[in-house]
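S.K.: What follows is a structure written as structure tokens; I'll ask about it next.
The values are calculated or read from the model by the stated rules, or taken from the named source; none is laboratory data. Fair warning: this is a prediction, and the values are worked out from it, not measured in the lab. Note that each Cβ is placed from the backbone with ideal geometry, even for glycine, and that neighbours are counted across all protein chains shown.
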Ligand code: EPU
């Protein structure tokens, strides 16, 4: 792969920011929103709640003048991220009835920490018939610890932070998620008139305000899309310039790429990625930010199948995020799973095969492996890919990859 690619807006920042527009009855304008099935789906959720929404050329305009607080199972079931409408609904309407999201292929994905946070703000929580009912006469600030068994929670922090913006008094979230997407949300909320300090650190303080107003915001670039292209460049022994990414958001991945003998060079506001020499094995453990992101684990595993030596990849965030292992094995990789770790014995050539995508990042990993493999690879169920990568096939073709979107049967 050779050439340059532009990074789109961040999916995981855009989703809670779209939900945050429910906090005001005034119009909001969001720019650099990636056109993905997940963001389009969030737009449909906002519309189903009564908001007027337009989505054109990366700009979303939302006017949530009058909204209802009920989000149906049919809506929430399709995208787990839709749970982050609960916080804004509870804050604005003092009542939210949102279907409980199910688990997904990467793990059980409970929402106990979201609910713990709402309860700490004085909400009464009831779970009945697959729905969570949160109601409060009024929300009152409180101090809470939102750390869970795998560390902090990204959407849990986002949800509670949004709920607390309109609560009376001061809320302190301890063990808050530090991800850049949480910081971006805090910036948008502050632009709406909220009073949030400490986002990006494990302690976030929110001083409640009586009302939020409309605001404009530009979503941060997608750090996971950027690292996916960086890994793809290294896997194909190419040289790719990545425009519009913020390297400070994915230092842990750059560090591992460097350990793997990949050069990541800053050039102005862009990054140039290429191999320095033969790929080297390295070990990875996924962790909350600023550790190595779970959302880059699968792509990195594809890379390590190409590096001579043994790499141990340990997944600490989601208990079953190794569905790509059996598919990579079908392409000739030597990978064994032992508890939370995958042991990758790299250096064997990959050969193309029909494979099945199981989740968003696994699909990206299989596309990367397919580009590095000899022969043809057919990645099935690419609707997973379309949830989180804007025009990935088009962008990859622009870099010289031989990739085609074929109608799914
Ligand atoms: N957890 C709990 N209780 C909770 C919430 C989470 O135990 O109430 C656990 C989870 O089961 C998991 C860990 O905490 O073990 C972290 O989960 P987190 O809540 O941080 O995940 P999330 O907010 O539901 C977001 C991203 C994911 C990304 C994770 C981790 C969105 C829409 N999703 O999910 O993105 O993997 O953070 O960084 O922001 C993806 O884009 O492919 C994706 C899956």
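S.K.: Out of the residues in the range 96-125 that are touching a residue at least 60 places away in the same chain (Cβ under 8 Å) and outside any loop (DSSP other than H, G, I, E, B), which is nearest to the ligand (Cβ to nearest atom)?
M.R.: 107
S.K.: Against the condition away from the ligand (no atom under 14 Å from the Cβ) and crowded, with 20+ Cβ neighbours inside 10 Å, how does residue 333 come out, does it pass?
M.R.: Taking the combined requirement at face value, the residue satisfies it.
S.K.: Can you tell me which residue in the range 23-52 is farthest from residue 220 (Cα to Cα), limited to those that are crowded, with 18+ Cβ neighbours inside 10 Å and more than 16 Å from the ligand (Cβ to nearest atom)?
M.R.: This residue is 49.
S.K.: Suppose we keep only residues that are in contact (Cβ under 8 Å) with a residue 60 or more places away in the chain and away from the ligand (no atom under 15 Å from the Cβ) within the range 155-192. Which one would you say is nearest to residue 221 (Cα to Cα)?
M.R.: By that ranking, first place goes to 189.
S.K.: Could you list all residues from the range 246-291 that are assigned to a helix (DSSP H, G or I) and under 24 Å from the mean Cα position of the chain (by Cα)?
M.R.: Hits for the range 246-291 are 247, 248, 249, 251, 252, 253, 254, 255, 256, 257, 258.
S.K.: Can you tell which of 242, 204 is within 16 Å of the ligand (Cβ to nearest atom), crowded, with 17+ Cβ neighbours inside 10 Å and modelled with pLDDT of 95 or more? Explain how you work it out, then say what you get.
M.R.: Numbers: 242 fails: within 16 Å of the ligand (Cβ to nearest atom).
Of 242, 204, the one residue that is within 16 Å of the ligand (Cβ to nearest atom), crowded, with 17+ Cβ neighbours inside 10 Å and modelled with pLDDT of 95 or more is 204.
S.K.: Out of all the residues in the range 305-314, which are within 16 Å of the ligand (Cβ to nearest atom) and buried (at least 24 other Cβ atoms within 10 Å of the Cβ)?
M.R.: Result: 313, single match.
S.K.: Quick one: count up the residues across the range 388-404 that are surrounded by 19 or more Cβ atoms within 10 Å (Cβ to Cβ), within 21 Å of the chain's Cα centre (by Cα) and more than 15 Å from residue 224 (Cβ to Cβ).
M.R.: Residues that pass the stated criteria total 1.
S.K.: Go through the range 275-304 and report how many residues are out of contact with any helix residue (DSSP H, G or I) (no Cβ under 8 Å at 6 or more places or on another chain), away from the ligand (no atom under 15 Å from the Cβ) and free of Cβ contacts under 8 Å to residues at least 40 places away in the same chain.
M.R.: Number satisfying all stated conditions: 4.
S.K.: Check off (1) crowded, with 17+ Cβ neighbours inside 10 Å; (2) more than 15 Å from the ligand (Cβ to nearest atom) for residue 152 and give me the number that stays unchecked.
M.R.: (2)
S.K.: Looking for something more than 14 Å from the ligand (Cβ to nearest atom) and within 25 Å of residue 323 (Cβ to Cβ) - is there at least one such residue anywhere in the range 76-89?
M.R.: yes
S.K.: Exactly one of these conditions fails for residue 130: (1) within 16 Å of the ligand (Cβ to nearest atom); (2) farther than 21 Å from residue 207 by Cβ; (3) touching a helix residue (DSSP H, G or I) at 6+ places or on another chain (Cβ under 7 Å). Give me its number.
M.R.: (1)
S.K.: If you scan the range 135-149, which residues turn out to be under 25 Å from the mean Cα position of the chain (by Cα) and either within 23 Å of residue 92 (Cβ to Cβ) or within 12 Å of the ligand (Cβ to nearest atom) (or both)?
M.R.: 144, 146, 147, 148, 149
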